[in-house]
Amino acid sequence: MTEPFEAERLILDRMPRAGVCREPLERCAGRVLAEEIFADRDQPPFDRVTMDGIAIAYSDWAAGTRRFTVAGTQAAGAPPVGPGGDGRCIEVMTGAMLPAGTDTVVPVERIARRGGEAEIAADAPVVQRQFIHAKGSDRRKGSPLLAPGLAIGSTQTAVLASAGTRDVPVAKLPRVAVVSTGDELVDVGDPLEPYQIRSSNDRALETALLQHGLGTVTRQRLADDEAAMLAAVERLHADHDVLILSGGVSMGQFDFVPAVLERLGAEVVFHRIEQKPGRPMWFGTSRAGKPLFALPGNPVSTLVCAARYVLPALRFSLGLAPAPLEYAVLTEPVEMPKRLTLFMPVLLRSSGSAVLEATPRPTNTSGDFISLAGTDGFVELPQGPSAYDIGAAVRVFRW
Ligand code: AMP
Ligand code: MG
């Protein structure tokens, strides 16, 4: 059997790298930047005035001039007026280009206007180049602004917009088929018999993928019928880059998923991981090199295996820069099963001293997914000790 860290490595080694496509900036929230972005002009692109007031030549002020002739008004977004200097000032607004012949801005609060003149208050502090955001002082034209592998959020979008990146090079989203198997499953909203249940795994997996921006999703429910399952999986395999199946991977008489995937020609990378829950997880690759994840059907197992293995694998595939590993300390002791790594659902909160604390929220069984809805994720407790104590620092995975 395979240990969790080994399973993770075996999967990552087989994940294909996503291609690059260009998407309009307004459709890039949450996408992964695929190429470096460079400054197409100096940032700021001109000496930018940062206060409403007047622009003067500092040499005039140093020579004792306090009363200036107003020679024009320079608004933000207007072509340059001026020049100032030689006893003349230009009225300037925040965001305007600094007028030629001037090098210092005096805020409007320090000015008295009389007719065509502006007088600087006697006690106004004036320093050469004050209230000017100098051209190129943030970044020079041609210098790197954003590295590939960043998830595009608000701050990255501001930089992309300012750099004129109308169409953004982003990692292509994989087309993911989410397949739930089981004769007992009925889709939400459809009528159901007392011996049937509503399918939740496919919906949960779809949300996980969409919420994290990891793919486009097709959902499909399949019955426990080997021939029909093979035909459907072949079709889905042809049209998708990644297959995620749930259910049908254990030892039951109707657990056809591993056999179906092998009949598809898949290479079996592992079947079963030394973990609880989710022990029967299966992973392989198709002849075309596409990753095939087959997760145990118990909803807790499905969700844990998705967050522990599938989501990180897709993040890697998209070229997302790996987030630093996250750890938390246990607020309660946890008993361990024998020879299995335990994934324990937890509530996370920051203590008053800025320590991330994980409070265990065990489920009744791996079928009890209702209580997961109040948790933030789970901690990974590697096999070995018979228990983990309060205060143990352990790795965290968020849903
Ligand atoms: P299996 O892995 O197919 O043996 O399924 C294990 C348990 O998980 C069974 O009780 C199933 O009814 C349940 N299960 C399987 N698939 C789903 C699903 N899509 N939604 C909710 N429960 C499921
Ligand atoms: Mg089943």
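Would you pick out the residues in the range 160-211 that are open to solvent by 20 Å² or more (accessible area, probe 1.4 Å), more than 10 Å from ligand 1 (Cβ to nearest atom) and among the small types (Gly, Ala, Ser)?
161, 162, 164, 189, listed by residue number.
Take residue 178 and decide whether it is within 16 Å of ligand 2 (Cβ to nearest atom) and outside any loop (DSSP other than H, G, I, E, B).
yes
Does the range 240-247 contain any residue that is closer than 21 Å to residue 170 by Cα, more than 15 Å from ligand 2 (Cβ to nearest atom) and open to solvent by 40 Å² or more (accessible area, probe 1.4 Å)?
Among the residues of the range 240-247, at least one is closer than 21 Å to residue 170 by Cα, more than 15 Å from ligand 2 (Cβ to nearest atom) and open to solvent by 40 Å² or more (accessible area, probe 1.4 Å), which makes the answer yes.
Regarding the range 118-140, can at least one residue be identified that is surrounded by fewer than 18 Cβ atoms within 10 Å (Cβ to Cβ), in contact (Cβ under 8 Å) with a residue 24 or more places away in the chain, out of contact with any helix residue (DSSP H, G or I) (no Cβ under 8 Å at 6 or more places or on another chain) and under 26 Å from residue 323 (Cα atoms)?
no
Of the residues in the range 1-11, how many are at pLDDT 95 or above and surrounded by fewer than 14 Cβ atoms within 10 Å (Cβ to Cβ)?
Count: 3.
Would you be able to say whether some residue in the range 283-300 is more than 10 Å from ligand 1 (Cβ to nearest atom), under 22 Å from residue 183 (Cα atoms) and open to solvent by 10 Å² or more (accessible area, probe 1.4 Å)?
No, every residue in the range 283-300 fails to be more than 10 Å from ligand 1 (Cβ to nearest atom), under 22 Å from residue 183 (Cα atoms) and open to solvent by 10 Å² or more (accessible area, probe 1.4 Å).
Kindly indicate whether residue 214 is open to solvent by 40 Å² or more (accessible area, probe 1.4 Å), away from ligand 1 (no atom under 16 Å from the Cβ), under 22 Å from residue 303 (Cβ atoms) and modelled with pLDDT of 95 or more.
No: the conditions fail for residue 214.
Can you find, within the range 224-239, the residue that is least open to solvent (accessible area, probe 1.4 Å) among those that are more than 14 Å from ligand 2 (Cβ to nearest atom) and in contact with a helix residue (DSSP H, G or I) (Cβ under 6 Å, 6 or more places away or on another chain)?
Only one residue tops the list, namely 233.
Considering each residue of the range 248-270, count those that are within 14 Å of ligand 1 (Cβ to nearest atom) and open to solvent by less than 10 Å² (accessible area, probe 1.4 Å), and give that number.
Residues flagged as within 14 Å of ligand 1 (Cβ to nearest atom) and open to solvent by less than 10 Å² (accessible area, probe 1.4 Å) within the range 248-270 amount to 3.
The values are calculated or read from the model by the stated rules, or taken from the named source; none is laboratory data. Bear in mind the structure is a predicted one, so any value in this text is a computation, not a measurement. Methodologically, a virtual Cβ is constructed for each residue, glycine included, from the backbone with ideal geometry; neighbour enumeration extends over all protein chains shown. Side chains included, ligands, DNA and RNA excluded: accessible areas come from the protein's heavy atoms. Shrake-Rupley method; radii C 1.70, N 1.55, O 1.52, S 1.80 Å.
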